[in-house]
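The values are calculated or read from the model by the stated rules, or taken from the named source; none is laboratory data. In this text the structure is predicted, and so the values were computed from the model without any measurement. Cβ placement follows ideal geometry from the backbone for every residue including glycine, while neighbour counts extend to all protein chains displayed.
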Amino acid sequence: MSEIRFEERMSDADALMWTIEQDPLLRSTITSIAVLESPPDRERLRWKIDRATRVIPRLRQRVVSNPLSVAPPRWEVDPNFDLDFHLRWVRAAGDGSMANLFSLAEPLAMQGFDRSRPLWEFAVVEGLEDDGAALVMKIHHAITDGIGGVKLMLETFDAEADPGDVGPMPDAPEIHVMHQGERFVDAWQHTQRRALGLAKRSVGVAAGTAVTTLADPVGSGMQVLEAMQSAGRLLKPAPSPMSPLMTGRSLSQRFHTLSVPLTDTKLAARAAGGKLNDAFVAAVASGFRRYHERHELPASALRMSMPISVRNEATADDAGNQFSPARFPVPLTVRDPVHRMKVVSDLVGRARAEPALQLTQPLAGALNQLPNELTTALFGSMLKGVDFVTSNVPGAPFPVYLAGARIQNQFAFGPMTGAAANITLLSYVDELNVGFNVDPAAIPDSDAFMDDMRAGFEEILKAG
């Protein structure tokens, strides 16, 4: 695995994500649960996590804002870092079923982070059925996106039960707590560097645009117009959900899961000439259609939000988030599963081709100049009208271990950020594990909802 690069400041996009949490409905907490065949060795695990916090700076850093500056917050080593606060051992209640595990994990996921500490918490859950265990991992989205999170997890997990000697424990990161004067100067210098960089890029773009305009004035004008229209679509308010049924919102969460074979799902996608993600979203759309019909409140379409990765070769190893949230209606009236996958493929293709995706950081930088209350209200108007969120994250294609314990499967539960549900697909070995994070105010009968989702996935698998 190549080395991850860490900056001392949040990116503009991450700072924006951090700011809008003034509204708790817009929290960006990621929860992942690794189900283990047996309890991990406590001493080995603690050593492993301690090492990870020394290798991965974000795991020992807190976010420090400067209220007198428009510069994004800094990542600074927590002088009071306490591993035992972030890594805990608990026992499952009841008979140790998956339902008991989720009942323990849900309130952990609902709680906001202590903003004076690093933004992660791990809980090892022992006493599961068949002498199993689990690791509940709670991480703030500001630390990383899903793809980056997989790289972070590789520092925690091993490719074999006993990986042997990995060398001595690295030194703990140096602690330097700035005083207010240093913070002000540092923020001012950052702002100047950013302004200079923006000016240089603008000159380069202007020069290139001038040449292009002289060669093709009509085409250049159309490109500018398309970029402006694309930015308008990206930021367009959508304050009300499209669903006539899933209208309630709360701070509560309910976890559910299902697993489907990776190979069979790929075959189904190929039947439509599409990709794995097309089959995934088409199955989810089928489940939502069935759920609305169950309640005799059919919907012609629902608004979906999907993170579109903007990582490229130059930024592949950068920490932090590199995605842009695309929002678009997904029709529920397409009954034929193959045709539905083709429709989804076309919709996602259009979303990936939006010119404004490449403007994510500049747009975030501009929005960060607004008062926090206004920025939060703007994003609330954009996100609270989303019916559901989907995310597709590639996981380990081979079995991995946690302090000697084999991981049976792993599920991710993404943030709803104002939606009725977040549905995240995480591949592991030869399975696709789907985590459903559901708001009970929008979907109070989540067991019935999951019956409909299972039927939707079965329908897609039969198409292969």
*Taking Ala448, is it modelled with pLDDT of 95 or more, small (Gly, Ala, Ser) and under 30 Å from Gln229 (Cα atoms)?*
no
*Answer yes or no: is there a residue in segment 441-462 that is touching a Gly at 6+ places or on another chain (Cβ under 9 Å), within 19 Å of Met153 (Cα to Cα) and in contact (Cβ under 8 Å) with a residue 60 or more places away in the chain.*
no
*Could you please find all residues in segment 335-360 being in contact (Cβ under 8 Å) with a residue 24 or more places away in the chain, closer than 20 Å to Gly273 by Cβ and assigned to a loop (DSSP other than H, G, I, E, B)?*
none
_Checking Ile460 against (1) closer than 22 Å to Met341 by Cα; (2) among the β-branched types (Val, Ile, Thr); (3) under 21 Å from the mean Cα position of the chain (by Cα), the condition it does not meet_ = (3)
*Which residues, counting only those in segment 362-416, are closer than 20 Å to Ile139 by Cα, not hydrophobic (A, V, I, L, M, F, W, C) and not in a strand (DSSP E or B)?*
Pro394, Gly395, Gly414, Pro415
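Between Phe388, Phe398, which is in contact (Cβ under 8 Å) with a residue 12 or more places away in the chain, of a type in the set (Phe, Trp, Tyr) and under 16 Å from Val281 (Cα atoms)?
Phe388
Let's see how each residue does on (1) over 30 Å from Leu128 (Cβ atoms); (2) surrounded by fewer than 20 Cβ atoms within 10 Å (Cβ to Cβ); (3) not hydroxyl-bearing (Ser, Thr, Tyr):
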{"residue": "Thr53", "(1), (2), (3)": "no, no, no"}
{"residue": "Asn80", "(1), (2), (3)": "yes, yes, yes"}
{"residue": "Leu83", "(1), (2), (3)": "no, yes, yes"}
{"residue": "Met98", "(1), (2), (3)": "no, yes, yes"}
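Quick grid of which residues meet (1) closer than 30 Å to Pro39 by Cα; (2) modelled with pLDDT under 90; (3) surrounded by 11 or more Cβ atoms within 10 Å (Cβ to Cβ):
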site	(1), (2), (3)
Leu135	yes, no, yes
Gly146	yes, yes, yes
Asp158	yes, no, yes
Asp165	yes, yes, no
Pro168	yes, no, no
His176	no, yes, no
Trp188	no, yes, yes
Asp216	no, yes, yes
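Per-residue answers, yes or no, for (1) among the hydrophobic types (A, V, I, L, M, F, W, C); (2) in contact with an Asp or Glu (Cβ under 9 Å, 6 or more places away or on another chain); (3) at pLDDT 95 or above; (4) closer than 27 Å to Glu21 by Cβ:
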{"residue": "Ala279", "(1), (2), (3), (4)": "yes, no, yes, no"}
{"residue": "Tyr291", "(1), (2), (3), (4)": "no, yes, yes, no"}
{"residue": "Glu296", "(1), (2), (3), (4)": "no, no, yes, no"}
{"residue": "Arg303", "(1), (2), (3), (4)": "no, yes, yes, yes"}
{"residue": "Asp318", "(1), (2), (3), (4)": "no, yes, no, yes"}
{"residue": "Asp336", "(1), (2), (3), (4)": "no, no, yes, no"}
{"residue": "Leu359", "(1), (2), (3), (4)": "yes, no, no, yes"}
{"residue": "Thr376", "(1), (2), (3), (4)": "no, yes, no, yes"}
*Where in segment 1-100 are the helices (runs of 4 or more DSSP H), entirely inside, with at least 1 residues that are at pLDDT 90 or above, in contact with a Gly (Cβ under 7 Å, 6 or more places away or on another chain) and more than 30 Å from Leu370 (Cβ to Cβ)?*
42-55
*Ser32 being of a type in the set (S, T, N, Q) and within 25 Å of Leu425 (Cβ to Cβ)*: yes
*Please work out which residue is farthest from the chain's Cα centre (by Cα), limiting yourself to segment 437-450 and to residues that are loosely packed, with under 15 Cβ neighbours inside 10 Å and not in a loop (DSSP other than H, G, I, E, B).*
Ala448
